[in-house]
1. Among the residues of the stretch 4-59, count how many are under 28 Å from the mean Cα position of the chain (by Cα), among the acidic types (Asp, Glu) and under 16 Å from ALA112 (Cβ atoms).
2. Is there a residue being modelled with pLDDT of 95 or more, in contact with a Leu (Cβ under 6 Å, 6 or more places away or on another chain) and buried (at least 18 other Cβ atoms within 10 Å of the Cβ) anywhere in the stretch 32-46?
3. Against the conditions (1) modelled with pLDDT of 95 or more; (2) within 17 Å of LEU141 (Cβ to Cβ); (3) surrounded by 19 or more Cβ atoms within 10 Å (Cβ to Cβ), where does VAL59 fall short? Just the number, please.
4. Could you list all residues from the stretch 76-111 that are within 20 Å of ARG167 (Cα to Cα), part of a helix (DSSP H, G or I) and either among the β-branched types (Val, Ile, Thr) or within 13 Å of the chain's Cα centre (by Cα) (or both)?
5. Have a look at ALA207, ALA182, ALA220, ALA188 and point out the one that is over 25 Å from GLN92 (Cβ atoms), modelled with pLDDT of 75 or more and not assigned by TED's automatic domain parsing to the domain that holds ALA73.
6. Can you go through ALA86, ALA132, ALA100 and tell me which one is farther than 18 Å from LEU38 by Cβ, touching a helix residue (DSSP H, G or I) at 6+ places or on another chain (Cβ under 8 Å) and in contact (Cβ under 8 Å) with a residue 40 or more places away in the chain?
7. Residues of the stretch 118-129 being more than 15 Å from ALA26 (Cα to Cα) and touching a residue at least 12 places away in the same chain (Cβ under 8 Å), which ones?
8. Working only within the stretch 1-31, note down all residues that are modelled with pLDDT under 90 and over 22 Å from VAL63 (Cβ atoms).
Amino acid sequence: MNRSRWLVALGVDTGDVADERRLREAERLRAAGRVMSLRTSAGLIEGRVQGSHARPHLVELAVATWTDEQWHAVGDLLARQARHYARLLAGQLPDQFDLALTDLGLSLVPRAEQWRLRCTCDQPSPCVHQVAVWLTVRDDLDREPYLITRLRGRSREELLAEIRDQREVGERTGVDAATLDARAWSRAPMDPIEVPLPTVRRPATTAGPLRMLGDPPGWAGPADAVTMFGPAIAEAGERARRLLSDDLR
């Protein structure tokens, strides 16, 4: 998320002179490593900020977590997209995740009016210490993107479990085989020659999906799966590219 939107989420107006001064001081505290003991849990961000006094200020940024029903809807949304599930397994938030949540009326990042802000200083909220904590959380998202889902009530592991449950329900409620037309299994809806093919590009990372998913559960090979299968995947991918490019020799 861009810096401006991140600040607006806490109620910081970058066009206001007083807020801009407060923001500069918060940036100074963050850059100097004065934000300490930062912890994110369901509905709460806690931190200590060493200001100009000997005793650090205690900061709390509190917000309501999503309900089980809301998280169930989020899990259903993610379970229907295999690419989203793969990114979750790789420890990454799905692309445009927050944008997809707008269809559910949700947003990972709270709005300014949803916060309950506390600090042991006597400045009006959001104070420099609260802003410094919020900026530090934004920095930490690059290393640990699931801080923001934890704030809303689900860790990465809990979200994965929610999606697995949803996918299993989808498998159990599949189409009755007796209702299927067996003739359609061998009859394509269009001539394969007419199927439009995408532009063929070499992948930026060899065996990218395998690298994202990691070794299979219980893997006990002599080397990791990427080392063993990566060259074969790369060779098969190159051959497929040449076939699609009509360049096979």
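The values are calculated or read from the model by the stated rules, or taken from the named source; none is laboratory data. Since we're looking at a predicted model, the values are computed, not measured. Cβ: placed from backbone, ideal geometry, glycine included. Neighbour counts: every protein chain shown.
1. Summing the residues that are under 28 Å from the mean Cα position of the chain (by Cα), among the acidic types (Asp, Glu) and under 16 Å from ALA112 (Cβ atoms) in the stretch 4-59 gives 1.
2. Yes, because at least one residue in the stretch 32-46 is modelled with pLDDT of 95 or more, in contact with a Leu (Cβ under 6 Å, 6 or more places away or on another chain) and buried (at least 18 other Cβ atoms within 10 Å of the Cβ).
3. Only one criterion in (1) modelled with pLDDT of 95 or more; (2) within 17 Å of LEU141 (Cβ to Cβ); (3) surrounded by 19 or more Cβ atoms within 10 Å (Cβ to Cβ) is unmet by VAL59, namely (2).
4. Result: LEU78, ARG83, HIS84, TYR85, ALA86, ARG87, LEU88, LEU89, PHE97, ALA100, LEU101.
5. Numbers: ALA207 fails: over 25 Å from GLN92 (Cβ atoms); ALA182 fails: modelled with pLDDT of 75 or more; ALA188 fails: modelled with pLDDT of 75 or more.
Going through ALA207, ALA182, ALA220, ALA188 in turn, just one is over 25 Å from GLN92 (Cβ atoms), modelled with pLDDT of 75 or more and not assigned by TED's automatic domain parsing to the domain that holds ALA73: ALA220.
6. On the way: ALA132 fails: farther than 18 Å from LEU38 by Cβ; ALA100 fails: in contact (Cβ under 8 Å) with a residue 40 or more places away in the chain.
Of ALA86, ALA132, ALA100, the one residue that is farther than 18 Å from LEU38 by Cβ, touching a helix residue (DSSP H, G or I) at 6+ places or on another chain (Cβ under 8 Å) and in contact (Cβ under 8 Å) with a residue 40 or more places away in the chain is ALA86.
7. As a first pass, look at the stretch 118-129 and keep what is more than 15 Å from ALA26 (Cα to Cα): 118, 120, 122.
ARG118, THR120, listed by residue number.
8. GLY15, ASP16, VAL17, ALA18
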